[in-house]
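A.B. asks: Mind having a look at this structure? Questions to follow.
Where a number appears in this text, it was derived from the coordinates with a stated rule and is not lab data. Predicted model, so just to flag it, every value in this text is computed and none were measured. Ideal geometry is used to build each Cβ from the backbone, glycine not excepted, and the neighbour counts take in all protein chains shown.
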Amino acid sequence: MLHMTTHGPVRKLVMARAFFGRSFYHTAAYWVDGLLIDTGCAYSARELLEATRPLPLARIVNTHCHEDHIGGNGLLQRERGAAIAAHPLALPVLADPRRQYLQLYRRVFWGWPRPSRGDPIGDWVETEHYRFQVIATPGHSPDHIALFEPREGWLFSGDAFIGGQDRAARPDYDMYAIIESLRRMAGLDPAWLFPGSGTVRQRPAEEMRHKITALEELAEKVRRLHDEGLPVEAIRRRLLGPEPGIRWLTLGHFGGEHLIRAFLRER
Ligand SMILES: [Zn+2]
C-alpha cells in the first residue's frame, strides 16, 4: 500500500505491506526536487517505483540502513539509475542486506531489501533548488543521519525523533546518543519536521525538548533505583508499568527491559 500527499514542494510517500487490505507499521519516504529520502520496505518497492516514475529522480539518500528505509533502493537504482548516498557505516548493509539480521516480525512486515550500491554521504546534499545539510543523528542506529534545508527550515529526521512516550527499546538503541541527537535537531529550530513515521509536524523543537526532558528524567530515576540495588526487572515494572504489546509482537526484540538497560550502560 502506498499513499502520496503533498506538502508544498515536498511529496510524502507513506508505505506499508498490506495484509488482506489492511496495513500496519507504515514508513514514510519523501521526494523533493529530484531527491528521494529513504525508500520504504521491500514489499512496497514496486509501488514506490510506479508512484515516483513521473517525477525526476537523480539521487536517493538513506537516513539509516534499517530494512524499512532501504527496501526500494535496489529496484529504484536499477530502473531509474539513481545514485545512492548514505553514512559510511550503512554502505556494507546496502550492498549485502543479509548482513543485518531481521527478526521474524521484521521479515513479516518489511522483508529483506534487494542489494544496492551507495556512496559515502558528504556534509551537504545539493539539488537544483535546495541545499541540505547532513546532520549526524546516531542513537536509533550508529549510521543515522538527518537532512536539514536551512533556508526552508525543513528537517528530514528518519527515525531520530519518534513521538510519544518511550516505554520500550531495541537492545541496540543508544539512549544517550538519542538524547544528544534530539538536542542537535532541536537546536536547528526547524520550521517543518518530516519524520520516518510520516507524521509531519510544524515547529517541532518544543516537542523535541519535552522528549529530551522526559528521557533525562527517566535516565535519572533508572540510575537512582539501580544504585539502591533494585534489579532491572523491578525498575522496569516500577517506572514503565506493564510491558507494551509490541514486546509480544516482536518476541522481545522491543521491550521495556532494553530501555532500562540502555540507561545503565556507560556513557
Ligand atoms: Zn529505524
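A.B. asks: If you average the sequence gap of Cα pairs under 8 Å that are 6 or more apart and divide by the length of the chain, what percent do you get for the contact order?
C.D. replies: 14 percent
A.B. asks: Show that you can apply the helix-only estimate: for the chain, add -39,500 (n - 2.57) for every DSSP H stretch of four or more residues, divide by all residues, and state [θ] at 222 nm to the nearest 500.
C.D. replies: Calculated from helices alone, the mean residue ellipticity at 222 nm is -9500 deg cm²/dmol.
A.B. asks: At most 15 other Cβ atoms within 10 Å plus a DSSP loop assignment makes a site exposed; report the longest stretch of the chain without any exposed GluC sites (Glu not before Pro).
C.D. replies: Longest site-free region, per DSSP loop and neighbour criteria: 1-127.
A.B. asks: If I histogram all Cα-Cα distances within the chain using bins 10 Å wide from 0, what percent of pairs lands in each bin?
C.D. replies: Final binned percentages: 7, 30, 35, 21, 6, 1, 0.
A.B. asks: Beyond 25 Å, what share of the Cα-Cα pairs of region 147-267 is found? Please give it as a whole percent.
C.D. replies: Summing the P(r) of region 147-267 above 25 Å gives 29 percent of all pairs.
A.B. asks: Here is a follow-up. Tell me the label-point distance for the pair Trp112, Arg151, using the 7 Å Cα-to-Cβ offset, in nm and rounded to one decimal.
C.D. replies: Result: 4.4 nm between the two label points.
A.B. asks: Evaluate the charge dipole of the chain about its Cα centre and quote only its size in Debye, nearest 20, assuming +1 on the Cβ of each Lys and Arg and -1 on the Cβ of each Asp and Glu.
C.D. replies: Dipole size: approximately 640 debye.
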